[in-house]
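A short write-up of the structure that comes next.
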Amino acid sequence: MWCGIDLGSRNVKVALMDEEGVINYYIFDTIIFYREHGKLTQGKLQVHLDKLLKVSHINNVVATGYGRQTINLANALIIPEIKAHVTGAIYSTGLQDFTLLDLGGQDSKVALVRGGRMVDFQTNDKCAASTGRYLENMAGVLDMTLSELSKHHADPVDLTSTCAIFGETELIGRIVEGYDPKNLAAGVNHSIFKRIRPMLQQLLSPVIVFTGGVAASPALTEIIGNELGVKVLVPSMHQYAGAIGCSVIARANFLKNGE
């Protein structure tokens, strides 16, 4: 068994690959994972993964994610997020040339992939205004579920604030002005696109592979494709791209070292 772990800001995603290449997926609330399954010992997070995942033996563990720099997982190789997500996207799609867009709970990443190798990338972890947390907050203001918010992209109300906090204030103002909630929801989805557009345009390809929790939004997928004139591909396990990439690297390292 080879284990990949993505220590996200909202959820910990785990991909466990067996000898036949079959992957099983697990997801845990981040705080609960740290509190109930981990113990900090000498600056490293100790987690009994075999017991947690109910397997007899794990050969290699590779970890990445938002929490990798603050929580150092014991007995694991720690790798950069962008490397994990690119590897996961390649494995999930079979593509060798594309632009990766990953929108997570608190950061956004764009990478240019050519010949199965990442040749350039950009990240934004300074502002939450193009992330899942922003969408959660705006859905709360609109009194919508995330699923409902993610349906709307037509006739958007223009939202100009570039800050997540001020964006909420602006949205409340638009509600007071009497705009239709569906058009406001469309405006929220378009506002995310406007924030990631510069990164995408600098590293654009005919195909964008969209991963991360926000990739569950059909509205944002539609907006990106229409506005940039590209094909947007969302892998079936888009939320697990980082964990998948880690499991692939764990297996490759194990076989390379002849263990």
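Each value in this text was obtained by applying a stated rule to the coordinates, not by laboratory testing. Predicted model, so just to flag it, every value in this text is computed and none were measured. Note that each Cβ is placed from the backbone with ideal geometry, even for glycine, and that neighbours are counted across all protein chains shown.
Things to note:
- Whole-number D in µm² s⁻¹ for region 57-124, Kirkwood Cα-pair radius fed into Stokes-Einstein, 37 °C, 0.692 mPa s: 253 µm²/s
- Only Lys, Arg, Asp and Glu carry charge here, each on its Cβ (+1 for the first two, -1 for the last two); on that basis region 166-210 has a dipole of about 220 debye about its Cα centre.
- Put a plus charge on the Cβ of each Lys and Arg, a minus charge on the Cβ of each Asp and Glu, and nothing anywhere else: the dipole of region 1-65 about its Cα centre is then about 360 debye.
- Summed residue charge, Cβ within 10 Å of residue 209's Cβ, Lys/Arg positive, Asp/Glu negative: 0
- Tail fraction, Cα-Cα pairs, the chain, threshold 34 Å, whole percent: 21 percent
- Distance (nanometres) between label positions extended 7 Å along Cα→Cβ at residue 197 and residue 37: 4.0 nm
- Order of 152, 37 - criterion: other Cβ atoms within 10 Å of each residue's Cβ, fewest first: 37, 152
- Each of 22, 176, 209 was scored by the projection of its Cα onto the charge dipole of the chain, and the greatest displacement toward the positive side belongs to 22; charges sit on the C-beta of Lys, Arg, Asp and Glu.
- Bridge type composition, the chain - antiparallel percent by DSSP, nearest 5: 65 percent
- Sites residue 254 and residue 136, calculated FRET efficiency, Cβ-Cβ separation with R0 41 Å, nearest 0.05: 0.65
- Residues 53, 73, sorted so that the one with the fewest Cβ neighbours within 10 Å comes first: 53, 73
- For the chain, excluding the exposed loop sites themselves (trypsin sites (Lys or Arg not before Pro), DSSP loop, at most 11 other Cβ atoms within 10 Å), the longest remaining stretch covers 127-259.
- 0 to 90° range, to nearest 10: angle between helix 218-228 axis and the chain longest Cα axis: 80 degrees
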